[in-house]
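Worksheet: the structure to be examined is printed underneath.
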Amino acid sequence: MKNRLKELRAELKWSQVDLASRLNVSRQTINAIENGRYDPSLPLAFQIARVFQLPIEAIFEDAL
């Protein structure tokens with residue numbers, strides 16, 4: 001799954017640690033999502049969308 005997490009995080013000048021603390025996950029989880037090594041659960045994807053105040057589709061895209 002492709003995502004815009006790194007780009008959106010950079011726009012807000014947030015570090016991976018900043019985003020991780022807002023989502024109550026580890027920095028490693030954010031890194032793995034950004035690099036496509038981990039697809040977040042649906043609840044986590046909704047949480048990410050809420051943090052950025054965007055629809056999930058604006059952040060995540062099916063890589064098929």
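Each reported figure results from applying straightforward, stated rules to the coordinates on display, with no laboratory input. Keep in mind it's a predicted model, so treat the numbers as computed, not measured. Positions of Cβ are generated from backbone atoms using ideal geometry, with glycine treated the same way; all protein chains shown enter the neighbour counts.
Remarks
- Estimated 222 nm signal from helices in the chain, with DSSP H stretches of n ≥ 4 weighted -39500 (n - 2.57), rounded to 500: -14500 deg cm²/dmol
- Label corresponding to semi-axes √(5λ) of the Cα gyration tensor in Å when calculated from the structure given, among [x] 25, 11, 8; [y] 40, 7, 5; [z] 16, 13, 12: [z]
- In this structure, S41 and R4 have a Cβ-Cβ separation that, at R0 = 25 Å, corresponds to a calculated FRET efficiency of about 0.85.
- For region 1-59, the list of trypsin sites (Lys or Arg not before Pro) that fall in a loop by DSSP and count at most 11 other C-beta atoms within 10 angstrom reads K13, R37.
- Contact order normalised by residue count of the chain, Cα under 8 Å, 6+ apart, percent: 46
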